[in-house]
Amino acid sequence: MPALDPAVEAQVLKVADAIGALMESWGFKRNMGRVWAMLYLEQAPLSAADIGERLSLSTGAMSMLLTERQQWGVVRKTWVPGERRDYYEAETSIWKMVSRVLRERELRWIQDAAEQFAAADHVLADAGAAATGDDAARVQGIAAKVAGLSQLAQVGAHLVENILSGESVDALPIKTVGELAKVVGGSKPGA
């Protein structure tokens, strides 16, 4: 692949680094974002060697990064006529990538938390029924906060599901859950 003007290449690397930092803040490896960005910005597929050279990454690192990116569906192998080595191109639908992460990661995390809250709620209900005096008040307070967390998880799951289905999203339920938590915690709403 012919070399780009150094000023253009510098901007490509800046954008790749910015996307890498963003991806890292979402819990992915920085270089996963950098690899995707490099492929996304190019007009033609690149080989692993081309990407690795431009991003100063080893062959082993490139192999692992490209495999992980393919598993997430954000990079795919492609055939280049007359070439024997593998070439790669980026998924260009940002929505397709974001929705997959929301569905397979964030929504699953919320659902797992909701299951834990529900299990805790059952145990706390039994403990509250058996507790007396100060212990009863303490268990009741804990149970009320767990109920608030359960409600927050339900609202969060609903919001993510709305986003994924393309429906409008109303953030008011999150504020309402937050106000409930303040009241249960002993603070006044809006304080």
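The values are calculated or read from the model by the stated rules, or taken from the named source; none is laboratory data. What you see is a predicted model, and the numbers here were worked out from it, not measured in a lab. Glycine also receives a Cβ, built like all others from the backbone with ideal geometry; neighbour counts cover every protein chain displayed.
At-a-glance table
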{"item": "Residues satisfying the stated conditions in the stretch 106-141, i.e. among the β-branched types (Val, Ile, Thr) and surrounded by 14 or more Cβ atoms within 10 Å (Cβ to Cβ)", "result": "ILE110, VAL139"}
{"item": "Boolean, GLN70 is closer than 13 Å to GLU89 by Cα, polar (S, T, N, Q) and touching a Lys or Arg at 6+ places or on another chain (Cβ under 9 Å)", "result": "yes"}
{"item": "The stretch 81-104: number of residues that are among the β-branched types (Val, Ile, Thr), touching a residue at least 12 places away in the same chain (Cβ under 8 Å) and surrounded by fewer than 14 Cβ atoms within 10 Å (Cβ to Cβ)", "result": "1"}
{"item": "Pairs with Cβ under 9 Å, 6+ apart, first in the stretch 116-140 and not assigned by TED's automatic domain parsing to the domain that holds GLN154 and assigned to a helix (DSSP H, G or I), second modelled with pLDDT of 90 or more and surrounded by 14 or more Cβ atoms within 10 Å (Cβ to Cβ)", "result": "none"}
{"item": "Filter pass, GLY20 being within 17 Å of the chain's Cα centre (by Cα), surrounded by 13 or more Cβ atoms within 10 Å (Cβ to Cβ) and not in a helix (DSSP H, G or I)", "result": "no"}
{"item": "Count of residues meeting criterion [farther than 27 Å from ILE94 by Cβ, touching a helix residue (DSSP H, G or I) at 6+ places or on another chain (Cβ under 7 Å) and free of Cβ contacts under 8 Å to residues at least 40 places away in the same chain] in the stretch 146-176", "result": "7"}
